[in-house]
């Protein structure tokens, strides 16, 4: 048996097979019934990272994932014993790479025949497989989807579907990040070209029209044509993918090198990338909608208590604006509205209260419904406590104006508790509790009033 670093060779009578296997761009290994490896072809060595001398003579079990080992050994044993009376169909097995990672390979196996069709290689099993790159990447994306990972991380895998098939070409995906800002993923060259901010690029035209297109160097703006030409690129293929969250489509860009085959060879990779990118973007939109619904009060359209706490924490508790205030608002006399006019009128009044409070706030202030007839206002960037007092006075005045709903006139009031703090002094829940204490004092002073908590907060 040969275990040199040159293309593998087996002792007669099977060396003729090795000459054929050496030329295959697929994973090929030949094993004894005991599982000992007697041959690996060059592609198998390149795929897993082991030189032939590091694998020939070892047992195939050393390279199989433990969860796949029993299944593989049973199939090989039945083949050797001639007890398998059905054709062996391909199955995916995980093989260990030199770096310790696992490589999914779709494998089929057969007994090795002789050159004349007889069985001089009796007992030898030839294993032929193909790296399941698409499946590998799809599994990674599915795993990230089910674990709720950052969509940007998933999108960064999309260009790999093209790269593993055409490693000398360049791919990029342009998309809108969760923060609403443009982002890109892919090869450094493709991302660099996509970042050139000039009018008339193919990816701009594709995003605006919603149609895929191809462009040669002659079709590119000078600012893109020159670096693309210097890198040996000849043309690009751009495919837009709808983004239901932001409206502006994401785009997949594939670049081909000068003298390479036609861009059509990229079609399978691009179609695969487009399908998975569509899945990720739709998943992101659905998750975002669910998250927004989870923090939104369905009656008033305002954020709920959970959403208000998130806003308060993000506003700079622990460092940020000079001073932060919370107004805790409770409606005076609202119970009588429900008792006298029913919940339909009461709900309509609550919705109008939310609108009126919103209408008297400063830009950047945030109002939420904490539950029942209780509301709260977040006031970031306060210069002084009196700024919060002024907002509370406007809220009281806005709510005490009569409401007219379906011809029914309703008059209620509002009491407001105010608490302010410097960043880092209290957490969000503590600041809301302090405003609630101030509200208790306001109610005790006669209602339709505001009270500022004067003790240090």
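The values are calculated or read from the model by the stated rules, or taken from the named source; none is laboratory data. It should be emphasised that the depicted structure is a prediction, and the values quoted were computed from it without experimental measurement. With ideal geometry, Cβ positions are generated from the backbone for all residues, glycine too; neighbour counts draw on all protein chains shown.
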Residue 354 vs. criteria within 30 Å of residue 151 (Cβ to Cβ), in contact with a strand residue (DSSP E or B) (Cβ under 8 Å, 6 or more places away or on another chain) and part of a helix (DSSP H, G or I): no
Across the range 134-162, what is the number of residues that are at pLDDT below 85 and closer than 16 Å to residue 267 by Cα? 1
Please specify each residue of the range 89-122 satisfying the condition of being at pLDDT below 70, touching a strand residue (DSSP E or B) at 6+ places or on another chain (Cβ under 9 Å) and surrounded by fewer than 16 Cβ atoms within 10 Å (Cβ to Cβ). 119, 122
Does residue 414 satisfy the criteria of being over 17 Å from residue 353 (Cβ atoms), crowded, with 17+ Cβ neighbours inside 10 Å and modelled with pLDDT of 90 or more? no
Could you grab the pairs with beta carbons closer than 6 Å, sequence gap of 6+ or different chains, first residue in the range 129-140 and in contact (Cβ under 8 Å) with a residue 12 or more places away in the chain, second one assigned to a helix (DSSP H, G or I)? 131/47; 137/160; 137/161
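Residue by residue, here is whether (1) assigned to a strand (DSSP E or B); (2) more than 18 Å from residue 130 (Cβ to Cβ); (3) under 35 Å from the mean Cα position of the chain (by Cα) holds:
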site	(1), (2), (3)
53	no, yes, no
69	no, yes, yes
89	no, no, yes
108	yes, no, yes
Which residue, of 260, 269, 234, is modelled with pLDDT under 95, in the same structural domain as residue 159 (by TED's automatic domain parsing), surrounded by 14 or more Cβ atoms within 10 Å (Cβ to Cβ) and part of a strand (DSSP E or B)? 234
2 or more residues within 43 Å of the chain's Cα centre (by Cα), assigned by TED's automatic domain parsing to the domain that holds residue 328 and in contact (Cβ under 8 Å) with a residue 12 or more places away in the chain: qualifying strands (runs of 3 or more DSSP E) within the range 357-457: 366-371, 374-379, 413-421
Tell me, which residue of the range 71-85 that is more than 16 Å from residue 108 (Cβ to Cβ) and not in a helix (DSSP H, G or I) is nearest to the chain's Cα centre (by Cα)? 85
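One line per residue, one yes/no per condition, for (1) at negative phi; (2) surrounded by fewer than 22 Cβ atoms within 10 Å (Cβ to Cβ); (3) in contact with a helix residue (DSSP H, G or I) (Cβ under 7 Å, 6 or more places away or on another chain):
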| site | (1), (2), (3) |
| --- | --- |
| 177 | yes, yes, yes |
| 201 | yes, no, yes |
| 210 | no, yes, no |
| 227 | yes, yes, yes |
| 244 | yes, yes, yes |
Condition check: free of Cβ contacts under 8 Å to residues at least 60 places away in the same chain, in contact with a helix residue (DSSP H, G or I) (Cβ under 7 Å, 6 or more places away or on another chain) and more than 22 Å from residue 309 (Cβ to Cβ). Does residue 342 satisfy that? no
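Does residue 162 satisfy the criteria of being assigned by TED's automatic domain parsing to the domain that holds residue 287 and at positive phi?
No: the conditions fail for residue 162.
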Breaking point among (1) without any contact (Cβ under 8 Å) to a residue 12 or more places away in the chain; (2) farther than 19 Å from residue 134 by Cα, for residue 264: (2)
Let me confirm something: among 277, 290, which residue is at pLDDT 95 or above and in a helix (DSSP H, G or I)? 277
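Looking at the range 434-450 only, could you name the residues that are in contact with a helix residue (DSSP H, G or I) (Cβ under 8 Å, 6 or more places away or on another chain) and either surrounded by fewer than 16 Cβ atoms within 10 Å (Cβ to Cβ) or at pLDDT 95 or above (or both)?
Residue satisfying the conditions is 450 alone.
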Conditions (1) touching a helix residue (DSSP H, G or I) at 6+ places or on another chain (Cβ under 7 Å); (2) in a loop (DSSP other than H, G, I, E, B); (3) modelled with pLDDT under 90 -> residue 300 fails only (3)
Confirm whether residue 149 is free of Cβ contacts under 8 Å to residues at least 40 places away in the same chain and part of a loop (DSSP other than H, G, I, E, B). yes
